[in-house]
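The values are calculated or read from the model by the stated rules, or taken from the named source; none is laboratory data. Keep in mind that this is a model prediction, so the values were computed, not measured. Heavy atoms of the whole protein, side chains included, go into the accessibility calculation; ligands, DNA and RNA do not. Shrake-Rupley method; radii C 1.70, N 1.55, O 1.52, S 1.80 Å.
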Amino acid sequence: MGIDVAGNGDGFDQELQKAHAVLLEIDEEIRRGEGDSRSLKMVRAYVSGATLESIGEGHKLTRERVRQLINKTRWKATDLKKLSLVFAEQSRRMVEKADRERVIAWSFANPGSTQEEASEKLGIDRSRVRELLGERSGRHPATSVVKKRAKRWSDEELIELLWRFHEETGSTVATQFTEWSRANGGPTKQTPMNRFGKWSAAIEAAGIAGSYSVDRERLYSNQDMWAIVIDFFREDRTEYTYRAFESWLAETPNFPSGSLIRVRLGKTWQILARDAQRLLAGYLDEFEPEWVSDVLTPRDWSTFVRKELDVRSYIEQALEDRGPILTIAKYNEWALENDAPAGNNLIVRSGISWAELVRSCGGRVGLLGRRGNISEEELLEPLREYLDAGGRRNYEAYSSWASERGLPVAGTISEKLGGWSKALAMAREEPTDV
C-alpha cells in the first residue's frame with residue numbers, strides 16, 4: 001500500500017483518507033454478509049488496532065491461525081497493519097492537540113507558574129508539558145527552587161563574593177550582604193563573619209574601604225524596579241530566564257543589576273517573573289490598585305530622571321523615630337528599615353557635613369566636639385552594644401568599631417569617665433576601685 005505513517009501535512013491526510021476508505025469497504029462487506037463473517041470481523045478488529053494475539057484469544061485461536069484467516073480475505077495482514085498504524089497516529093495527534101490546548105490554556109490562566117505545577121494539575125508528564133508549551137516554555141520555570149546542599153566556601157570565594165556585593169550594591173552592610181548573597185546562591189553574613197572573626201574583619205580582608213554603612217544612591221524606587229521587570233516580559237522572547245533578564249539589563253546604561261533588583265524587592269526571580277506576568281495578563285485583584293497603576297505605567301528609560309531627594313525630610317523623620325541624637329550609624333540603621341537613602345548620599349546631596357545636617361533639622365550627633373556636653377549614659381550605651389555583640393575589651397578594637405559608626409571612640413570615653421578600665425567596668429556594672 002505504501003502508506004507513510006510518519007508523514008506530515010497533506011501526505012498524512014491522504015493516507016488517512018485511504019485508511020478510512022478501506023475501513024468503509026470492510027464495514028460495507030460485513031453489512032452485506034458477504035464472505036466469512038468471522039474473518040471479516042477479525043479484519044475489522046485488526047485495522048482498529050487490536051493485535052493478532054488479542055484477536056486469537058477472543059476466538060480461541062493461535063496468532064498464526066488468525067493471520068491465515070485474515071489473509072484468506074481480499075485484504076492482507078501486512079497492509080492492514082499499516083492501516084492500523086495510520087489510525088493510531090491519528091489518535092495520537094488528536095490526544096496531542098487536546099493536551100496542547102489544555103497546556104496553553106493553563107499557561108495563560110497561570111502566568112509564571114511552574115511546569116511542575118502544570119504537570120500535577122493536568123496529569124501530563126513534566127517533560128511533555130515543556131514540549132507542548134513550545135515557545136511559551138520560557139515563561140514557566142521547570143520547578144520551584146530547590147534548596148541546595150550547603151557548600152564549603154574558601155577564603156578566596158568569600159572575598160570574591162564580598163567584592164561582587166560591594167561593586168553591585170555599593171554597600172558593606174552585613175544584613176544587606178545576606179539578602180544579596182542568598183539571591184545569588186551564596187552564604188549568609190555568618191559565614192564570612194565566622195571565617196574572618198567578625199564582619200568588619202571580613203570587609204577589611206576583602207580590601208573594601210570605607211564605613212560599612214555606605215549605600216549606593218538609589219536611582220530607582222521599588223516601583224521603578226518592578227516596572228523594569230514588567231518591561232522585560234512585555235515583549236516576546238525566546239528565553240525568560242534570570243540569565244536572559246541580566247543580559248537584557250546590561251543592554252541599557254545605568255539599569256540596576258538583576259541581583260540588586262532581587263535584593264531590593266526581596267523576592268526570588270521565580271516570584272518576580274510570576275507576578276510580572278500575572279500583572280500583564282490582567283490578574284490585578286491581588287495587588288493594590290495605586291501600586292498596579294504605577295508599576296504598569298511604561299517609563300522612557302532613556303530619559304528617566306529620579307526625583308530630587310528631600311534630604312531634610314529623611315533626617316527629620318529619623319529624629320522623630322530614633323530620638324534627638326542621630327549618628328550616621330543610627331540613621332543608616334533606620335534608613336535600612338525604612339527603605340530610605342543612606343546617610344552618605346544625604347551628605348552628598350546637601351553639600352554639608354553630617355553634624356551640620358542633623359543640627360539644621362533640630363538634632364545632634366552626640367558630642368559637640370571632643371569635650372562636648374554628653375552624658376555618661378550616652379557614652380556607655382554604644383560601649384554596651386559593642387560588648388554585647390561579642391567585641392573584644394580592647395582599646396584599639398573598640399575605637400575602630402566606634403569610628404566606623406561615628407560614635408565616641410575609646411579615648412573620649414576614657415577621658416570623660418576616668419580611664420578605659422573604669423569605662424568597661426561601668427558598662428558591665430562591675431565594681432570599680434575608687
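What percent of all Cα-Cα pairs in the stretch 76-163 falls into each 10 Å bin, going from 0 up to the bin containing the maximum distance? All Cα pairs, binned at 10 Å, distribute as 15, 29, 17, 19, 12, 5, 3, 1 percent. Cross-link partners of Lys267 among lysines, defined as those whose alpha carbon lies under 19 angstrom from its own and excluding same-chain residues fewer than eight positions apart: Lys147, Lys148, Lys189. Each residue of the stretch 71-88 is assigned a 3J(HN,Hα), and the resulting list reads 5, 7, 7, 7, 10, 9, 4, 5, 6, 5, 4, 4, 5, 5, 5, 4, 5, 5 Hz, derived from the Karplus form 6.51 cos²θ - 1.76 cosθ + 1.60 (θ = phi - 60°), x at Gly and Pro. Atom-type composition of the exposed protein surface of the chain places 49 percent of the accessible area on carbon and sulfur (1.4 angstrom probe). Amide H contacts of Thr268: none lie under 5 Å away among residues 5 or more positions distant or on a separate chain (H built 1.01 Å from N in the peptide plane; Pro and chain starts excluded). Scalar couplings 3J(HN,Hα) for the stretch 230-242, obtained by applying the Karplus form with A = 6.51, B = -1.76, C = 1.60 to θ = phi - 60°, are 5, 4, 4, 8, 5, 9, 6, 9, 7, 8, 10, 6, 4 Hz; x denotes Gly and Pro. Computed with a 1.4 Å probe over protein heavy atoms only, the accessible surface of the chain comes to 55 Å² per residue. Short-range pairs are left out: with C-alpha atoms under 8 Å and at least six residues apart, the relative contact order of the stretch 168-302 is 29 percent.
Normalised by the number of residues in the chain, the mean separation of alpha-carbon contacts (under 8 Å, six or more apart) gives a relative contact order of 10 percent.
Determine the calculated [θ] at 222 nm for the chain from helices alone, applying -39500 (n - 2.57) to every DSSP H run no shorter than 4 residues and normalising by the residue count; nearest 500 deg cm²/dmol. Write down the numbers at each step before the final one.
Working: 24 runs with 265 residues, N = 434.
About -18500 deg cm²/dmol.
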